[in-house]
Amino acid sequence: MNYDVIVIGGGLAGLTGAIRCAEAGLKTVVISAGESALAFASGAIDVFGIEQDNSFVECPFAAIRHLPSTHPYQKVGAASLQQGLTFFTEQMAAAGIQLSNFGQQNHGRLTALGAIRPAWLSQEGADSLPLLAPAEGIRRVAIINIAGFRDFQPALMAAGMKRHPGFSEAEFILADIKTATLNINTRNAYELRSLELARTLKRDLFSQPNGINILSSALQKAAGNADLVVIPSVLAVEGGNELIRQLETLTGLRICEVATLPPSLPGMRMASALKQRFRQLGGMFLEGDQVLCGCFAENRLSSVKTRLNPDMPISASHFILATGSFFSQGLASDRHHLSEPVFGLDVDAPDSRDQWSDHRFMDGKPHNLSHFGINTSEQLNPYRNGQKIHNLYCAGAVLNGFNPVQEASSGGVAIGTGWFAANRIIATMPQAEETC
Amino acid sequence: MLNTIDTSFDSCIKCTVCTTRCPVAEVNPDYPGPKQAGPDGERLRIKNPALYDEALQHCTNCKRCEVACPSGVHVGTVIQLAKARHGGFKKGPREFILSHTDMMGSLSTPAAPVVNIATQLKPVKKLLDKVFGIDQRQTLPKYTHQTFRRWFQQQKAQQNRFDRKISFFHGCFTNYNDPTVGKHLVAVLNAMNIGVTLLKKEKCCGVPLIANGFFDKARKNAELNMGQFADSLADSECVLATEPSCAMTLRDEYPEVLHVDNHAIKERILFASAFITREFAKGNKPDMTPVNLRVAYHSPCHLIKQGGVIHTMELLNSIPGLEVIMLDQKCCGMSGTYGFKKENYQTSQNIGQGVFDQIEALNVDYVVTDCESCKMQIEMNTAHKVLHPLTLMAQSLA
Ligand SMILES: Cc1cc2nc3c(=O)[nH]c(=O)nc-3n(C[C@H](O)[C@H](O)[C@H](O)COP(=O)(O)OP(=O)(O)OC[C@H]3O[C@@H](n4cnc5c(N)ncnc54)[C@H](O)[C@@H]3O)c2cc1C
Ligand code: SF4
Ligand code: SF4
């Protein structure tokens, strides 16, 4: 079997690249071993939010110009990164998810622990706050839970928010909406998790013609005259953003949904929108299979073998490796080495374990481990035994040279590098239709 | 003692991804979902088998949880094995009827015309519903008067003329209910200069037996089939199955669920599309004429699980003129015998709604899928006729 492009890994990076290739008319397949990190992610996209000295970045695209040359953003370039993010925003809109931004600036997004994190793109249901003055115009905050939902603690969130100078003087209203008020029947403890709650609400509440009104009056009653109402993201997977908008119209309140502990509904929403978009563009998504190894000749990758079809290699003229970091098994470690398990690509990591481990489990500093990854050329081509592989590109968390958590850059790197890799491929393929 | 317990389920990192993908948990609040039923519950069951949860009966063994798990936990299999150990199955006459597909087939086909009319009659359906709990809203599969094996008798001489040969595991449905797909496989392979032989004897692969808790019977069948495969592989290249669930069972469930070792020949048991596309890749492609149709392809759960969708799509895409739209990969809800049971009827319908809605929204000539059980469910719930990929390919042969 022969494809134009094989993308290995169906997370944010892989799917962004795959959608771009499919849109350009290339015969594209994504092979993904399982669900990606999106199922746990907030559903917002961070581009570059935090400087080395822990200060917030206001203008991410300007700030990335000062990053070291090994950083993925320096390879992609600010212009291409912005194009990629615009493309991503359009694709999400085509799949029914509106993302908003503050132009060139970052905004603040609330976490379930009450922290304010810099992000660049947010879903509509998650109210974006001005990054440096998040409390502007907000004197009363209502944090409302559905009674019994354990993965969200209003008091904990309020305590977190109060640590922010802008909110330290604010008044906090903490309340629960009883399941009986919503006419939902949760008989089992497991029904009080984010996804199960959304399913129960869909079945018991929103199936009724006045279901949304029952919820909106309950919210109104609980929130009083709050300037900002925070609720955990448990109301709906698909159509969750529209639901928040409807509730805002019905209540006249400003409502913000925050992602909870996994599964994160806004993240799941984003993952299914991306997969749907890819299939609409004629791409093939193969889940549950794992690429085991590849066949290399003259510094090119010609085909890959998978766990489920070991006797039938799949070939392509180009490949994108977007297998994620350690968590997704795109990178592996043992006591002595860090490695890339699929092709044995050269990983940039120090030889001595002392340099990538810490004696203290948590010392408040960014962990070195998250800085390591595959070493690539300016064009994102990796090396194998020191030889550059010309038709293989790497994208997303598998790359080296950035620290996604410490910099708040994971979504932007995934989208930017996925987009960049796809465009490199399109540029070399005569049959690709130039649409951009 | 401890080291004899399989604890591979403990590579679970409790991320809940499996539960987000379980079609049963999505519509039936009585089912706690694969995380709790599988790796979480297993920890308790190892301590004390009495901590078994009766809710496990709701699992359809669709394996979507396994496909989605980022940590490679065999969630569906853990659940099936727990059910088997516990014996937590209701095994009444209904379970026997629904699961012993080959026995019911051999009893019914001689009287096919009568049985077919009878099982479509309202009073009979009511009776089956009342007495056995087989939901009367379901259309029962018809039986064929001439079994596939009988039809094949007349093909034998023709098949012997080919140098290359494969063995065909036809499965119960093709033999007793509708031989069409089997006939089309023979036509397609012949056009590729490959002859077909049957196993001297074959028993149901075991998929409905596993689903209904008849593990001993399933294991017996597996052992018999394995013996047959070993014999037939002496003078044929491989064993092919056209039914995704049969192929998955023969390849994966035999060792994992039934503990019947098949490693020596596993790579020679193939799903038909996989074999055909491999031949295509070697340049053995028959002449095909355009089939100018627009079709929607539905991927069966058990084909996704074995990584076979890529092959069927390759096969369909090789048919000139055919426009194939791939549906979002959702479960149709039938799951073999599951949807026939009265208590599952509504769950089964609710699961399938996502598929039915997608199909109705598209303007296609046909729906295409590899699985006979999906076909039944889709035909019952949409206005579309469902074809097997091999039927389209047979149609395209010049
Ligand atoms: C808890 C959490 C919260 C997050 N929150 C945010 C946020 O607020 N903002 C933000 O911008 N980003 C966030 N992210 C990060 C973001 O969602 C992505 O994880 C990140 O951008 C990396 O994406 P990726 O595509 O490179 O890799 P992943 O998402 O890790 O995907 C890799 C995929 O490759 C597959 N794979 C691995 N090996 C193989 C193989 N051999 N064969 C086939 N497939 C394979 C894996 O199964 C997986 O599906 C968060 C992540 C996590 C975990
Ligand atoms: S998806 Fe896998 S790792 Fe995650 S909870 Fe389910 S079994 Fe555990
Ligand atoms: S096999 Fe299917 S029904 Fe059973 S737990 Fe897994 S996803 Fe759910």
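Sequentially through region B:335-347, phi angles give Karplus couplings (6.51, -1.76, 1.60; θ = phi - 60°) of 6, x, 8, 4, x, 7, 7, 3, 6, 9, 3, 5, 4 Hz, Gly and Pro residues having no value and appearing as x. Computed over chain A with a Gaussian network model linking Cα atoms closer than 10 Å, the most mobile of A:E35, A:E90, A:E169 is A:E169.
Bridgeable lysines around A:K221 (alpha carbons under 23 Å apart, same-chain partners fewer than 8 residues away excluded): A:K178, A:K202.
Modelled this way, with points 7 Å down the Cα-to-C-beta line, the labels at B:E360 and B:I13 are 4.1 nm from one another. The relative contact order of chain B comes to 15 percent, based on Cα pairs under 8 Å that sit 6 or more residues apart.
Ignoring lysines fewer than eight residues from A:K365 along the same chain, the ones with Cα atoms less than 25 angstrom from its Cα are A:K162. Seen against the Cα atoms of chain A and their longest principal axis, helix A:12-23 is set at about 70 degrees. Helix A:211-223 axis versus longest C-alpha principal axis of chain A: approximately 70°, rounded to the nearest ten. For the peptides A:414-421, A:206-213, A:342-349, the ranking by mean Cβ contacts within 10 Å, running from highest to lowest, is A:414-421, A:342-349, A:206-213.
Given region B:243-355, report the % of alpha carbon pairs whose separation exceeds 22 Å. Here the tail beyond 22 Å accounts for 48 percent of pairs.
Computed log10 I(q)/I(0) for region A:127-258 at 0.14, 0.16, 0.20 Å⁻¹: -0.60, -0.78, -1.19, from the Debye equation with unit scatterers placed on every C-alpha and solvent omitted. Across chain B, Cα-Cα pairs more than 30 Å apart make up 40 percent of the total.
Only helices enter this figure: runs of n ≥ 4 DSSP H residues, each worth -39500 (n - 2.57), summed and divided by the residues of chain B, yield -12000 deg cm²/dmol at 222 nm to the nearest 500.
Counted over chain A with a bin width of 20 Å, the fraction of Cα pairs per bin, in whole percents, is 26, 53, 21, 1. Only lysines eight or more places from B:K91 in sequence, or on another chain, were considered; those with a Cα closer than 16 Å are B:K83, B:K217, B:K341, B:K342.
Comparing A:Q91, A:Q105, A:Q246 in a Gaussian network model of chain A, where Cα atoms under 10 Å apart are tied by springs, the biggest mean-square fluctuation is seen for A:Q246. Placing one equal scatterer on every Cα of region B:7-85 and applying the Debye formula, the log10 ratio I(q)/I(0) at q = 0.25 Å⁻¹ is -1.22. Estimated from helices alone, the mean residue ellipticity of chain A at 222 nm is -8000 deg cm²/dmol (sum of -39500 (n - 2.57) over DSSP H runs with n ≥ 4, per residue).
Within the shell defined by Cβ-Cβ distances under 14 Å, the residues around A:G34 carry a net charge of +3, with Lys and Arg each +1 and Asp and Glu each -1.
Sorted from longest to shortest, the spans of the Cα atoms of the protein assembly as shown along the three principal axes equal 86, 66, 60 Å. Largest first and in whole Å, the equivalent-ellipsoid semi-axes of region B:294-397 read 24, 14, 11, each the square root of five times a Cα gyration tensor eigenvalue.
Comparing B:Y297, B:Y31, B:Y338 in a Gaussian network model of chain B (Cα springs below 10 Å), the most mobile by mean-square fluctuation is B:Y31. Relative to the dominant Cα principal axis of chain A, helix A:410-428 is inclined by about 40°.
Taking amide H positions as modeled 1.01 Å from N, with prolines and chain starts lacking one, the residues under 5 Å from A:I320 and 5 or more places away or on another chain are A:I6, A:V7, A:I8, A:Y393.
FYI, it's all coordinate maths here, none of it is from the lab. Here the structure is a predicted model, which is why all the values come from computation and not from measurement. With ideal geometry, Cβ positions are generated from the backbone for all residues, glycine too; neighbour counts draw on all protein chains shown.
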